[in-house]
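First the structure, in the form of structure tokens, and then the observations on it.
The values are calculated or read from the model by the stated rules, or taken from the named source; none is laboratory data. If you're wondering where the values come from, they're calculated on a predicted model, not measured in any experiment. Note that each Cβ is placed from the backbone with ideal geometry, even for glycine, and that neighbours are counted across all protein chains shown. Note: accessible area is taken over every heavy atom of the protein model, side chains too, but ligands, DNA and RNA are not part of it. Shrake-Rupley method; radii C 1.70, N 1.55, O 1.52, S 1.80 Å.
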Amino acid sequence: MFVDLQHEWAAGVAAKLAADGLARFDGIRTRAQLVALGASLGRVVPHRDSGPDGVTTLTHRGKLGSRVGFEGFGNGALLPHTDRSGLSEPPALLMVVCGRKGEGGNCIVIDGRRVYLDLVATNRDAAQVLSQPRTVLFGGATGYLGSIFEHAVDARIRIRYRRDELATFSPEIVRWLPTLSDAVERHTIQFGLEPGQGYVLHNHRWLHGRARFTGDRVIYRLSLNPHEEFAIPSGFAAPNNVGG
């Protein structure tokens with residue numbers, strides 16, 4: 001289940017990401033080790049809330065966590081979403097490591113590929129409408145106008161998704177949101193992290209979130225764009241005979 005970092009390091013993580021879009025690992029005990037693994041895998045993308053090394057420390061910081069866009073600093077549940085969806089090009093990889101456990105706080109991940117294939121099989125109209133360009137404004141008034149499923153010229157599909165105050169949906173897709181939410185729920189995976197354990201996911205394929213927690217939980221987060229030599233593809237391959 002876990003990539004063997006001792007023997008494979010970033011190459012093992014990259015191979016798992018190229019195959020599945022998600023890699024889990026163990027053995028990252030310090031912030032410096034996290035930064036070293038991240039730099040071996042890709043170029044660090046600074047975040048609004050990160051330190052000089054690009055790492056964001058997520059802890060419960062009281063009232064700050066109740067502000068829109070700062071929910072990662074609360075202890076409530078985080079709905080599944082694409083990280084930094086309001087950017088025209090969100091960072092490709094999201095790396096998360098547990099520094100200290102709390103009570104609860106399971107990681108939540110959803111494979112956008114499985115969600116899309118589910119919709120194609122059960123409600124093809126929904127899959128097509130949710131792929132229409134310029135139907136969702138992500139990130140507020142100065143954000144990005146796009147779609148939930150983005151079809152690229154290389155026959156690959158990327159998912160971009162959030163369901164909070166930072167997403168505004170056009171009337172033609174609102175009726176399909178419950179159908180989408182049901183598919184997301186069907187493919188939700190939860191798991192806990194012990195200190196030193198973590199995961200990397202492809203932010204253009206997988207959604208992520210968090211269950212509510214109590215206690216002094218500490219999570220370290222790093223955004224990356226992968227080094228080209230690893231050939232980690234964006235999103236997922238489009239199934240045959242499905243229009244965008």
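Specify the residue that is most open to solvent (accessible area, probe 1.4 Å); the eligible residues are those in segment 70-86 that are modelled with pLDDT of 90 or more and either in contact with a Cys (Cβ under 8 Å, 6 or more places away or on another chain) or under 19 Å from Val200 (Cβ atoms) (or both).
Filtering segment 70-86 for residues that are modelled with pLDDT of 90 or more and either in contact with a Cys (Cβ under 8 Å, 6 or more places away or on another chain) or under 19 Å from Val200 (Cβ atoms) (or both), the one most open to solvent (accessible area, probe 1.4 Å) comes out as Arg84.
Name the pairs: first residue in segment 64-79 and of a type outside the set (Lys, Arg), second residue part of a loop (DSSP other than H, G, I, E, B) and open to solvent by less than 20 Å² (accessible area, probe 1.4 Å), Cβ to Cβ under 6 Å, at least 6 apart or on different chains?
Sorted first by the residue in segment 64-79, then by its partner, the pairs are Gly65/Gly74.
Val200: among the β-branched types (Val, Ile, Thr), farther than 14 Å from Ile157 by Cβ and surrounded by fewer than 22 Cβ atoms within 10 Å (Cβ to Cβ), yes or no?
Numbers: among the β-branched types (Val, Ile, Thr): yes; farther than 14 Å from Ile157 by Cβ: yes; surrounded by fewer than 22 Cβ atoms within 10 Å (Cβ to Cβ): no.
When the stated conditions are applied, Val200 does not pass them.
A quick yes/no check of all residues on (1) without any contact (Cβ under 8 Å) to a residue 60 or more places away in the chain; (2) touching a helix residue (DSSP H, G or I) at 6+ places or on another chain (Cβ under 8 Å):
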| site | (1), (2) |
| --- | --- |
| Leu5 | yes, yes |
| Ala14 | no, yes |
| Val45 | no, no |
| Pro52 | yes, no |
| Thr57 | no, no |
| His60 | no, yes |
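In segment 131-161, how many are surrounded by fewer than 18 Cβ atoms within 10 Å (Cβ to Cβ), in a loop (DSSP other than H, G, I, E, B) and out of contact with any Leu (no Cβ under 9 Å at 6 or more places or on another chain)?
The qualifying residues number 7.
Residue by residue through segment 162-178, note down the ones that are open to solvent by 40 Å² or more (accessible area, probe 1.4 Å) and part of a helix (DSSP H, G or I).
If the condition is that a residue be open to solvent by 40 Å² or more (accessible area, probe 1.4 Å) and part of a helix (DSSP H, G or I), then Pro171, Glu172, Val174, Pro178 are the ones that fit.
Please state which one of Arg43, Arg67 is charged (D, E, K, R) and surrounded by 14 or more Cβ atoms within 10 Å (Cβ to Cβ).
Details: Arg67 fails: surrounded by 14 or more Cβ atoms within 10 Å (Cβ to Cβ).
On inspection, the qualifying residue turns out to be Arg43.
Only one residue in Thr188, Thr214 is open to solvent by 30 Å² or more (accessible area, probe 1.4 Å), under 15 Å from the mean Cα position of the chain (by Cα) and hydroxyl-bearing (Ser, Thr, Tyr). Which one?
So the residue among Thr188, Thr214 that is open to solvent by 30 Å² or more (accessible area, probe 1.4 Å), under 15 Å from the mean Cα position of the chain (by Cα) and hydroxyl-bearing (Ser, Thr, Tyr) is Thr188.
Can you pull out the strands (runs of 3 or more DSSP E) entirely within segment 48-121 that have at least 3 residues that are within 15 Å of the chain's Cα centre (by Cα) and not aromatic (Phe, Trp, Tyr)?
Working: elements: 56-58, 78-81, 93-100, 107-111.
Result: 78-81, 93-100, 107-111.
Would you mind stating whether Ser223 is over 20 Å from Ile189 (Cα atoms) and open to solvent by 30 Å² or more (accessible area, probe 1.4 Å)?
Working: over 20 Å from Ile189 (Cα atoms): yes; open to solvent by 30 Å² or more (accessible area, probe 1.4 Å): no.
No: the conditions fail for Ser223.
Charged (D, E, K, R), assigned to a strand (DSSP E or B) and within 22 Å of Gly105 (Cα to Cα), is that true of Arg43? Let's see the steps before the verdict.
Details: charged (D, E, K, R): yes; assigned to a strand (DSSP E or B): yes; within 22 Å of Gly105 (Cα to Cα): no.
When the stated conditions are applied, Arg43 does not pass them.
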